[in-house]
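Colleague: Once you've had a glance at the structure underneath, I'll fire off some questions.
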Amino acid sequence: MVSCPQCHQGYLQEREDTQGNLHITCSEYPACRFESVSWEAIYEDAARFRHPVSPGQMS
Ligand SMILES: [Zn+2]
């Protein structure tokens, strides 16, 4: 289970629309409107968020 990078409350779940396109949404929807089209995009975002804003403050 991957927790939501936006609200940190829900977890991400996949669903396919009628065209067969993958949507990854938060289990807390509609309270949380997080949505992504691919796990790759989510991991890229997560990597960006983890990047230290001030070098040296990473534990
Ligand atoms: Zn969420």
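Colleague: Report the residue count in the stretch 1-13 for those that are at pLDDT 95 or above and touching a Leu at 6+ places or on another chain (Cβ under 8 Å).
Modeller: 0
Colleague: Out of curiosity, is GLN57 at pLDDT below 90 and more than 11 Å from the ligand (Cβ to nearest atom)?
Modeller: yes
Colleague: Quick one: in the stretch 1-34, which of the residues that are more than 23 Å from ALA47 (Cβ to Cβ) and small (Gly, Ala, Ser) is surrounded by the fewest Cβ atoms within 10 Å (Cβ to Cβ)?
Modeller: GLY20
Colleague: Also, quick follow-up: Only residues that are part of a loop (DSSP other than H, G, I, E, B) and either free of Cβ contacts under 8 Å to residues at least 24 places away in the same chain or more than 13 Å from the ligand (Cβ to nearest atom) (or both): list them for the stretch 11-32, please. Show your work before the answer.
Modeller: Looking only at the stretch 11-32, we keep the residues that are part of a loop (DSSP other than H, G, I, E, B), and these are 17-21, 27-32.
Within the stretch 11-32, ASP17, THR18, GLN19, GLY20, ASN21, SER27, TYR29, PRO30 meet the criteria.
The values are calculated or read from the model by the stated rules, or taken from the named source; none is laboratory data. In this text the structure is predicted, and so the values were computed from the model without any measurement. Here the Cβ is made from the backbone with ideal geometry for all residues, glycine too, and neighbour counts use every protein chain on show.
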